Amino acid sequence: MSSISKASLEQSTDQLVQQSALKTGVRWLEDWRLALLALAGLWAILYLPGLSWPPLLDDVDTVHAEAAREMLLRHDWVTLYTNGFRYLEKAPLMYWSIAASYKTFGIGNGSTRLPLMLTVLALVLATWWMGRWAYGKFAGFCAGLAMATSLGLFVYTRFLIPDVMVALWLTLGYHFFLQSLEEEQPSRLACWGFAATCALNVLTKGLVGLVFPAAAIGLFLLLTGNLRHVMKLRVLSSSLVFLAIAAPWHILAALRNPPQGEARGFLWFYFINEHVMRFLGKRVPPGYDTVPLVLFWVLYVVWLFPWCAFLPQALAQVPARWSEIRGRFGPLDRRQRANLLFFLWAFVILIFFSFSTRQEYYTIPALPATALLAGNWLTMEAASPAGSSARRAGLISSALLFVIGALGFLGGAWLLSVSHRPIPGADLAELLKKNPSEYNLSLGHMLDLTPQALGAFRGPLLATSLGLLLGTGLNWFLRRRGRAMAGNAALAAMMIALIAGVRISYATFSPILSSYALAEAIQKQFRTGDVIVIDGQYSDASTLNFYTGIQVHILDEPRGNLWYGAKFPDAPKIFETPKSMAALWRGPETVFVWTDKEQPRELAGLKIHELAHSGGKFIFTNRDLR
C-alpha cells in the first residue's frame, strides 16, 4: 500500500470517527481544552478524596515518607536517611518531590501523597496527548480514559512507590522518539527531550529507566531495519544532556558515601546489590518474594480492567507480518509505528521481569502502552459501520465483560450472605486469619480476610457487586444498540463506583497495615527522654517514627531497611538486646514497646502495662500511664 493511500485511510478513519462523534454526542472532544478538563475532572473524582485519609502505612509507605522528611530536616538532598540511618538503595527523585511538598505545605498525609497524585494526573494527560498525536483526538481521549480508570493505577498509588513516575517518563520519552521518526533531521527538542526523560527515569528508579527505553527502541529500529536512525538523534549532545541531569547526584552520592567501616560504599550497594544482584535474585538481604510468573502476566491484564477486554482486538492492530514491519509495501505510517512501539514497550518490561525477581506492581510502567493500544481500537470500533467485524468484536468483548460482571455480582452476593456485621468496636484484626508467610507479597495481607472479617466491608462489597453488574450490563446493552462511545462511558462510571469501594475498603483495612493509632497514643504520653522500641524490624512499625518524629529503637538485629546503613561507623546505636532491653525497662525513662504479640517473649519476666492496641498490634510500657 502506498503512503498516499495510507494517509487517505487515516483521514477517512478520522472522518468516520467525527461522524460517529456527532451521532453519539461527544463532538466536544474535538476541543482539546474540554477533553483536558474532562480527564482532569475524572482524576479529581477518583484520586483527591483519598489524599489525606487514611493514614500512611507501615513498611514502604512511611519508610519512604520518613526518608523525605529527614531529607528536609537534615538539609541533605544527596544521601537519603531513614530513622537516622543511611538509606542508599533508592534513587532520589520521588523523595525530592515529597520533601519539596513538605517544605511548601508542611508534613502530613496530604502533602506526602500530593506529588504522587499529581504524577498520576500528568500520566493521564501524557497518555491522552500521545494518543491524540498518534491516533487522533477521540483515540487520545479513550486512551486517557482507560489510563485514568484502570484498576492497577489506583491500587498501586495507595502507597509510596515510584512506578507511576517511571510510567510518566517512559510515556514522554517514547513520544519524543516517535516525533523524531517523522523528522528528516530530528529536532533538538525531540532528541534532548528523549535524553532528559531517560535521565529523569534513572533518577526515579535506577538503571531500568535507561534499559527499558533502550531495549524497546532498539528492538523497534532493528525490526524496522532503521538502526541508522540512532545516529540522527544528536548522540553527542543528547548524551551530554543525559549526563548533565543524571550524573551529578550519582557522583555526589558516591563521594559522600565511600567505603568505610563494614560498609562497601554507595557504588557497590546501589549498582551491584540493588541492580545486578536484585535482577539475579541474589540481593542481600533478600527483599520481597517473587510473584509466580503466570500470575505476574495475568495480573498485568487485570490491572487494565475493564479495558483489558478489548486487548485482543487492540493487539491485532500491531504490525505482525515481517513484510509489513520491514515496509516492503511502503513505510509504516504514524499509527502503525505507534502500535509497534507500544507493543514493544509493554513486551520489554514483561520479559525483563519474567527473568528477574518481580512484584505485582512492576508492570505498572507498561500500563500506558496497553491503554494507548486499547484507545486506538475503541475509536476504530466507534468509527466502524453497524454489522462490521469491529462492531461484532466489541460486542463479544462486552458480552464477556458482562459475564465477568455477573459472576462478580454473584460472588459478592454470596460473600454478603455468609458475612455478618461485626460487633461495634470490634478490632478487625481479631476476625482475620493471619498468613505471615505471604506478607512479602505487596497484597499479601488481603489473604487474611475471612467471611467474618468481610462483615466490615458489606457496604463497599454491595456497591462493588452492583457496580460490576450494572456497568458491564449497560455497556453490553449500549454496544448492542451501536453506541460504543456511550458503552465506554458506562464502563468509566462503573470504575468510579468500583474505585470508591476500593478506597473505602482500604480505609477500613488500614488499622491492620498502619500503626497510626498507636503513634497517636504514644504522642499523648511521650516526654523528652522517653524511648520508643519496635519489637521486630523497623519496617514493621515505621509509622511510629514518621508520625512521632522520634527516632525509634529496635529490639532486633540490623535487618531490612536498616541493614546496610547500620554498617557505617556513624550509624545510631539503637539496636537493643534482651539484656539491654531489661536494663532500659528498669531505668528512669518511660519505655514504649510496639509489638504484634499479646505476650511478647522479649518482655517475659518484666512488669508490663498495656497503653493501647489496634489492628492486632500493642503498645506496652514500663509504667502505668492510664
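The values are calculated or read from the model by the stated rules, or taken from the named source; none is laboratory data. Small disclaimer: the values here were computed from a predicted structure and weren't measured. Ideal geometry is used to build each Cβ from the backbone, glycine not excepted, and the neighbour counts take in all protein chains shown. Just so you know, the surface numbers come from the protein's heavy atoms only, side chains and all, with ligands and any DNA or RNA stripped out. Shrake-Rupley method; radii C 1.70, N 1.55, O 1.52, S 1.80 Å.
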In degrees between 0 and 90, to the nearest 10, how far off the longest principal axis of the chain does helix 208-223 point, with axes built from Cα atoms?
20 degrees
Answer with one residue from 57, 320, 331: the one whose Cα lies farthest towards the positive end of the charge dipole of the chain, charges on Cβ with Lys, Arg +1 and Asp, Glu -1.
331
Can you give the angle from 0 to 90° between the axis of helix 3-24 and the longest principal axis of the chain, with both taken from C-alpha atoms, to the nearest 10?
70 degrees
So what does log10 I(q)/I(0) come out to for the range 50-98 at q = 0.30 Å⁻¹, using the Debye formula with one equal point on every Cα and no solvent?
-1.20
Excluding residues fewer than 8 places away in the same chain, name every one of the aspartates and glutamates whose C-alpha is closer than 14 Å to that of residue 232.
182, 183, 184
Note down the magnitude of the dipole of the range 198-337 about its Cα centre, charges +1 on Lys and Arg C-beta and -1 on Asp and Glu C-beta and zero elsewhere, to the nearest 20 debye.
520 debye
Per-selection metrics, the range 528-604 (Cα): Rg and Dmax in Å:
12.2, 36
Separation between Cα centres of the range 138-162 and the range 227-289, rounded to whole Å:
29 Å
Sparse-neighbourhood loop hits (trypsin sites (Lys or Arg not before Pro), the range 327-372; DSSP loop; Cβ within 10 Å at most 11 others) -> 328
In a shell of Cβ-Cβ distance under 14 Å around residue 217, excluding residue 217 itself, what net charge do Lys and Arg (+1) and Asp and Glu (-1) give?
+3
Semi-axis lengths, Å, the range 68-173, gyration tensor of Cα atoms, sqrt of 5 times eigenvalues:
31, 13, 12
Provide the net charge surrounding residue 196, with neighbours chosen by a C-beta distance below 13 Å and charges set as Lys +1, Arg +1, Asp -1, Glu -1.
+2
Dividing the Cα convex hull volume of the range 121-203 by residue count, how many Å³ per residue is that?
80 Å³
Filter 205/579; 573/617; 567/597 down to the pairs with a C-alpha to C-alpha distance above 31 Å, please.
205/579
Counting Lys and Arg as +1 and Asp and Glu as -1 over every other residue whose Cβ sits under 12 Å from the Cβ of residue 277, the net charge comes to +1
In whole Å, what are the Cα extents of the range 192-253 along the three principal axes, biggest one first?
40, 22, 15
Between the alpha carbon centres of the range 334-385 and the range 516-579 the gap in Å comes to 43 Å
A 1.4 Å probe over the protein heavy atoms gives the chain a carbon and sulfur accessible-area percentage of 65 percent
Using the Cα centre of the range 562-626 as origin and beta-carbon charges of +1 (Lys, Arg) and -1 (Asp, Glu), tell me which of 612, 580, 625 is placed farthest towards the positive end of the dipole.
580
Dipole of the chain (Lys/Arg Cβ +1, Asp/Glu Cβ -1, origin at the Cα centre): which of 365, 97, 419 lies farthest to the positive side?
365
Relative to the first principal axis of the alpha-carbon coordinates of the chain, what is the inclination of helix 334-354, with its axis defined by its Cα atoms, in degrees from 0 to 90 and to the nearest 10?
30 degrees
Calculate for the chain the 222 nm mean residue ellipticity that helices alone would give, adding -39,500 (n - 2.57) per DSSP H run of length 4 or more and normalising by residue count, nearest 500 deg cm²/dmol.
-18500 deg cm²/dmol
For the chain, give the magnitude of the charge dipole about the Cα centre (Cβ charges: +1 Lys/Arg, -1 Asp/Glu; no others), in debye to the nearest 20.
1480 debye
